[in-house]
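S.K.: So that we are looking at the same thing, I have put the structure below in structure tokens.
The values are calculated or read from the model by the stated rules, or taken from the named source; none is laboratory data. None of these values were measured; they are calculated from a predicted model. Neighbour counts are summed over all protein chains in view; Cβ atoms, including those assigned to glycine, are modelled from backbone coordinates with ideal geometry. For accessibility, only protein heavy atoms count, side chains too; no ligands or nucleic acids. Shrake-Rupley method; radii C 1.70, N 1.55, O 1.52, S 1.80 Å.
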Protein chains: 2
Amino acid sequence: MTETRLPIALLTRAAFAPFGDVIESEGRDHYPINAGMAQRYHDLAEVDVMAGGGRPLISLLKAKPVALPLRLRLMERHPLSSQAFIPLSAVPFLIVVAPASRTLDLARLKAFRSNGRQGINYRRGTWHHPLLALDSVSNFLIVDRGGEGDDCDEIDISDRNIFVES
Amino acid sequence: MTETRLPIALLTRAAFAPFGDVIESEGRDHYPINAGMAQRYHDLAEVDVMAGGGRPLISLLKAKPVALPLRLRLMERHPLSSQAFIPLSAVPFLIVVAPASRTLDLARLKAFRSNGRQGINYRRGTWHHPLLALDSVSNFLIVDRGGEGDDCDEIDISDRNIFVES
């Protein structure tokens, strides 16, 4: 069966805009608070978690690293909410996404590499592979939705022979 | 005028409970996700930001370090919302708090030192000093409230001669 090799792009706000937000301070406006002792980079992601009686959650994730090349396994989306991952270990990681839509279009898959200072926020409905840590066990902060309702659709793509490589 | 020396306590969930949440993975329950590739530490803080038509914000903060001993300057509280700070630089920092109440009770001030892996979430109304970074310029993620309404009360305490020391 044909194999697809998915190239890895640098994560930039422009490139990621169809899928959600990049949470980073580089290149962003900021303003002083605390009598100039700190700079605030304000409101960097659209936190969209209130649908269906939802509420914002703060959770932590400890992810094992993967080895590249890697066969993609699964895509998922949250039809009711955004979901943000912010790296706490300053280690690069990979993000694999496809545009929000009822049906997953594998021809529109994109892979991005965070520099380890960049977090991401998947827009509600954006298809995404489970996050791919690199190099070492990596810690992330998650901001997503709690509450009733079925907020996860999954599609097994392990038989599609799609690989990301370094 | 009399000087007050405020001792610094280790930050633990039990000790911080009157003021809010400690966001950490150590000692917390977790469950596997992503086919066992990751562990999720779920719902570690009470994000309370919806009062008065509020919405959750994700922001970043870059804080200059302070030198100890330090004269405390200002206490503030957010009457409409909780506010979380999660360290992204893995550097210890100090938190100074007093219980939520209309009037600030300086006799009940407490100072805590985060180990750099611990974030905190001030419960709505908890009095707190602007966060005190140590050692180096430190980055934090903030989860707090956006929206209308006056959500910050401040009290100048710079003339009260209260010091934290290492």
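S.K.: When the residues of the range B:1-17 are narrowed to those that are over 16 Å from the mean Cα position of the chain (by Cα) and open to solvent by less than 80 Å² (accessible area, probe 1.4 Å), which ends up farthest from the other protein chains (Cβ to nearest Cβ)?
M.R.: Once the filter is applied, the top-ranked residue is B:Thr4.
S.K.: Checking the conditions here, which among B:Leu88, B:Leu104 is open to solvent by 10 Å² or more (accessible area, probe 1.4 Å), at the interface with chain A (Cβ under 7 Å from one of its Cβ atoms) and touching a residue at least 24 places away in the same chain (Cβ under 8 Å)?
M.R.: Answer to the selection: B:Leu88.
S.K.: Being within 11 Å of another protein chain (Cβ to nearest Cβ), surrounded by fewer than 16 Cβ atoms within 10 Å (Cβ to Cβ) and in contact with a Pro (Cβ under 9 Å, 6 or more places away or on another chain): is that true of B:Leu74 here?
M.R.: For B:Leu74, the condition - within 11 Å of another protein chain (Cβ to nearest Cβ), surrounded by fewer than 16 Cβ atoms within 10 Å (Cβ to Cβ) and in contact with a Pro (Cβ under 9 Å, 6 or more places away or on another chain) - is met.
S.K.: I need a count of the residues in the range B:135-158 that are open to solvent by less than 10 Å² (accessible area, probe 1.4 Å) and aliphatic (A, V, I, L, M).
M.R.: Summing the residues that are open to solvent by less than 10 Å² (accessible area, probe 1.4 Å) and aliphatic (A, V, I, L, M) in the range B:135-158 gives 4.
S.K.: Any idea which residue in the range B:18-57 is nearest to the other protein chains (Cβ to nearest Cβ), counting only those that are open to solvent by 50 Å² or more (accessible area, probe 1.4 Å) and small (Gly, Ala, Ser)?
M.R.: My answer is B:Ala35.
S.K.: Scanning for something among the basic types (Lys, Arg) and touching a strand residue (DSSP E or B) at 6+ places or on another chain (Cβ under 6 Å), does the range A:76-98 turn up at least one residue?
M.R.: Yes: the range A:76-98 contains one or more residues that are among the basic types (Lys, Arg) and touching a strand residue (DSSP E or B) at 6+ places or on another chain (Cβ under 6 Å).
S.K.: For the range A:1-20, name all the residues that are among the charged types (D, E, K, R) and touching a residue at least 24 places away in the same chain (Cβ under 8 Å).
M.R.: Across the range A:1-20, the qualifying residues are A:Glu3, A:Arg5.
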